[in-house]
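Encoded as structure tokens, the structure appears first; notes follow it.
The values are calculated or read from the model by the stated rules, or taken from the named source; none is laboratory data. Here the structure is a predicted model, which is why all the values come from computation and not from measurement. Here the Cβ positions follow ideal geometry from the backbone for every residue, glycine too, while neighbour counts run over all protein chains shown.
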């Protein structure tokens, strides 16, 4: 029996090896489409057996080279709510620690330590470097590289976990809204930095809360002014979401009658096809980068691809970015903050996926293939036309602020959003400006 089973297994394995793999790029319904090779660089080799034989100085340089990557970190500053129960638990823990401590001078009371009125929430999933978990040497290198360490709460979806926020000012860009807590948060980063660099790269996801800032005390305003004057790179982010479908109307006799009349008027009763439905979200002929949940990225000075028609569509515009930018300059004007150095202002644009769940190349390819399949089904049923399917990129665009008209009038006053966009065709602006392409470092 054993010989028969072994013969069968050998025969089955030989038949399995004779099966030809299916080419995923082959389209059986027509000509072959371009494959889904991503613009994002593939991860490098993960094995290097001779690494331990290298001198310590060389190994330390390699650890630092791995850590020296740009990151964009989404942070929110939320008001802390301290309940009576939490205060009782803190007192209980303090008493227990005091009983165990033998040195009376080392005893501390947590109630005497000032607590921030807010908590730092890091809304990232893969923000902590893997070098913290490789070995003791790599962990020491990571702790040395990230000079600033702040207690925080990590949150992804509904899951939360207390931890430490590791920050390197020269490489990290914090995406945070300008609220009443941002001055204390940025000042804390500056105080904890041994080199006193602090926050120099910031991305604004929405307009600054001008009213709350103006209600701050003069001392807090002075701190905020100093924080803003230290900034070197300021970006205004816009993540294009897929518009939500409106709720279906109530199907009454009047609704059915009016719908039929509209259909007859559109088709002119000649069987002519109706106008294509509006296009929403990312589609296979879009060159716009797709957002991921990986904070680290590599930046290309210019997008090497031929840009598509993303910016000619009504749902992908600079309207939100213009309002955020004008709100920022109004805030600087109110605080009388004038930079002595040149600030690098940029627009950050990307398409949003469901929950930003793309972390690996396999997930990215699977998502692109599903979008192409869905769009092809829509094209057949709704008569949509599309251009050439382009090579997708996972990450975001960075446009210089100079791609849009000036935000200041000749007399030095700020323009309105209407004046900034008035008379300027977006298609002409985009054709003369090529963005930087920031590619996520997918696993």
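Just so you know, in the range 111-136 the residues that are touching a helix residue (DSSP H, G or I) at 6+ places or on another chain (Cβ under 9 Å) and over 25 Å from residue 294 (Cβ atoms) include one that is modelled with the highest pLDDT, and it is 118. For first residues located in the range 360-380 and surrounded by 19 or more Cβ atoms within 10 Å (Cβ to Cβ), partners that are in a helix (DSSP H, G or I) and lie 6+ apart or on another chain with Cβ distances below 7 Å do not occur.
Being in a loop (DSSP other than H, G, I, E, B) and at pLDDT 95 or above is a description that does not apply to residue 151. Please verify whether residue 348 is within 22 Å of the chain's Cα centre (by Cα), closer than 24 Å to residue 229 by Cβ and surrounded by 18 or more Cβ atoms within 10 Å (Cβ to Cβ), treating the condition exactly as stated. Against the criterion (within 22 Å of the chain's Cα centre (by Cα), closer than 24 Å to residue 229 by Cβ and surrounded by 18 or more Cβ atoms within 10 Å (Cβ to Cβ)), residue 348 qualifies. Take the conditions (1) part of a loop (DSSP other than H, G, I, E, B); (2) within 30 Å of residue 353 (Cβ to Cβ); residue 376 misses just one of them, which is (1). Among the residues of the range 115-145, those that are in a loop (DSSP other than H, G, I, E, B), within 23 Å of the chain's Cα centre (by Cα) and touching a residue at least 40 places away in the same chain (Cβ under 8 Å) comprise 123, 124, 125, 126, 127, 129.
Screening the candidates 89, 50 for the property of being over 30 Å from residue 438 (Cα atoms), assigned to a helix (DSSP H, G or I) and at pLDDT 70 or above yields one hit, 50. Applying the condition of being surrounded by 15 or more Cβ atoms within 10 Å (Cβ to Cβ) and out of contact with any strand residue (DSSP E or B) (no Cβ under 9 Å at 6 or more places or on another chain) to the range 299-308 and asking which residue is modelled with the highest pLDDT yields 307.
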